[in-house]
Amino acid sequence: MTGPLPQHPAEHVERVLCVLAHPDDVDFGSAGTVATWTAAGTEVTYLIVTDGDAGGFDDTPREQMGPLRQAEQRAAAAEVGVTDVRFLGYPDGRLELTLDLRRDISRVIRQVRPQRVLTSSPERFWERIGASHPDHMTVGESTLRAVYPDARNPFAFPELLADEGLEAWTVSEVWLGASPRADHAVDVTDVVDQKMAALRRHVTQVSHMADLDEFVRAWMGQTAQRFGLPGGRYAEAFHVVHTG
């Protein structure tokens, strides 16, 4: 007997919500993919759970880092056609899997009503440990719990409906970045310059990286090769989960 045929993601959706832990997470892993979506007319919203106040590589005062990184993320988003950027303001580096976080993500899912949600994988990536920052895994798991069952269940967090008028919403697809079981690649060759422009907007995070362009292109080139794309192409990879 053979198993079920693999499901392919929808070619086009109207709305996407990207939920990531820190400013720059979406750009390192997914900005090329986002650029292809916005070019096709998809409305993309970013929800960044922290302000990134524990990041940076210089002596910038900590109270200045959060506002700086928010501004950098908004500028980076504009490079790939995203204008709706939201922040939850949770403490960087101290995220925990809580009902409050699930509720706050569920709220934005019900506000945006996306057919697709992009987030980080909740699984540890043993071959690339840097992808498995605890905040990344916590946001991935919290987002999955918000997608199912919280956002679609009218009786979960009833205050969202009773006090805010936010009706239940079912997300059809979740795309998990930095996943050890990635099964779908997006060819981002034609938008790689937009991705690099977005990354360079994160001055506090990448200004010390003289080899940023070379590093990112090599990484995406290896991804493209792994998924059988022709030589010279660049790709970003995801584990696509169907939840409908």
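The values are calculated or read from the model by the stated rules, or taken from the named source; none is laboratory data. What you are looking at is a predicted structure, and each value in this text was computed from that prediction instead of being measured. Because the Cβ atoms are built from the backbone with ideal geometry, glycine has one as well, and the counts that use them run over all protein chains shown.
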Under 7 Å between Cβ atoms, which residue pairs at least 6 apart in sequence (or on different chains) link something in the range 210-221 that is touching a residue at least 40 places away in the same chain (Cβ under 8 Å) with a partner that is in a loop (DSSP other than H, G, I, E, B) and hydrophobic (A, V, I, L, M, F, W, C)?
Met220/Val188
Give the number of residues within the range 1-14 that are at pLDDT 95 or above and farther than 16 Å from Ala35 by Cβ.
1
Only one of Ala162, Ala151, Ala131 is more than 17 Å from the chain's Cα centre (by Cα), small (Gly, Ala, Ser) and buried (at least 18 other Cβ atoms within 10 Å of the Cβ). Can you tell me which?
Ala151
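Among the residues of the range 9-32, which ones are of a type outside the set (A, V, I, L, M, F, W, C) and in contact (Cβ under 8 Å) with a residue 12 or more places away in the chain?
Step one: list which residues in the range 9-32 are of a type outside the set (A, V, I, L, M, F, W, C), which gives 9, 11-12, 14-15, 22-25, 27, 29-30, 32.
Within the range 9-32, Pro9, His12, Glu14, Arg15, His22, Pro23, Asp24, Asp25, Asp27, Gly29, Ser30, Gly32 meet the criteria.
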Could you check the range 38-96 and list, in sequence order, the residues that are of a type in the set (Lys, Arg) and either over 30 Å from Glu11 (Cβ atoms) or free of Cβ contacts under 8 Å to residues at least 12 places away in the same chain (or both)?
Arg62, Arg69, Arg74, Arg94
Conditions (1) of a type in the set (Gly, Ala, Ser); (2) buried (at least 19 other Cβ atoms within 10 Å of the Cβ); (3) under 24 Å from Pro122 (Cβ atoms); number of the one not met by Ser172
(2)
Quick one: in the range 47-88, which of the residues that are touching a Lys or Arg at 6+ places or on another chain (Cβ under 7 Å) and of a type outside the set (A, V, I, L, M, F, W, C) is farthest from Asp100 (Cα to Cα)?
Glu79
Of the conditions (1) at pLDDT below 95; (2) in contact with a Ser or Thr (Cβ under 7 Å, 6 or more places away or on another chain); (3) aromatic (Phe, Trp, Tyr), Tyr90 clears all except one; give me its number.
(1)
When (1) touching a Lys or Arg at 6+ places or on another chain (Cβ under 8 Å); (2) more than 24 Å from Glu96 (Cα to Cα); (3) surrounded by fewer than 18 Cβ atoms within 10 Å (Cβ to Cβ) are applied to Glu123, the one that fails is (2)
If you go through Phe215, Phe238, Phe227, Phe157, the only one that is of a type in the set (Phe, Trp, Tyr) and loosely packed, with under 15 Cβ neighbours inside 10 Å is Phe215
Any chance Glu159 is farther than 28 Å from Thr38 by Cα and at pLDDT 95 or above:
yes
Taking the condition within 30 Å of Phe57 (Cβ to Cβ), touching a strand residue (DSSP E or B) at 6+ places or on another chain (Cβ under 6 Å) and of a type outside the set (Lys, Arg), does Gly177 pass?
yes
Gly165 is checked against (1) of a type outside the set (Val, Ile, Thr); (2) out of contact with any Phe, Trp or Tyr (no Cβ under 9 Å at 6 or more places or on another chain); (3) touching a residue at least 40 places away in the same chain (Cβ under 8 Å) and fails just one. What number does that condition carry?
(3)
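Name the single residue, out of those in the range 26-59 being among the charged types (D, E, K, R) and in contact with a helix residue (DSSP H, G or I) (Cβ under 7 Å, 6 or more places away or on another chain), that is nearest to Leu199 (Cα to Cα). Show your work before the answer.
In the first step, residues of the range 26-59 are kept if they are among the charged types (D, E, K, R); the result is 27, 43, 51, 53, 58-59.
In the following step, the residues that additionally are in contact with a helix residue (DSSP H, G or I) (Cβ under 7 Å, 6 or more places away or on another chain) were identified as 27, 51, 53.
On the way: Asp27: 6, Asp51: 16, Asp53: 18 Å.
Applying the filter and picking the extreme gives Asp27.
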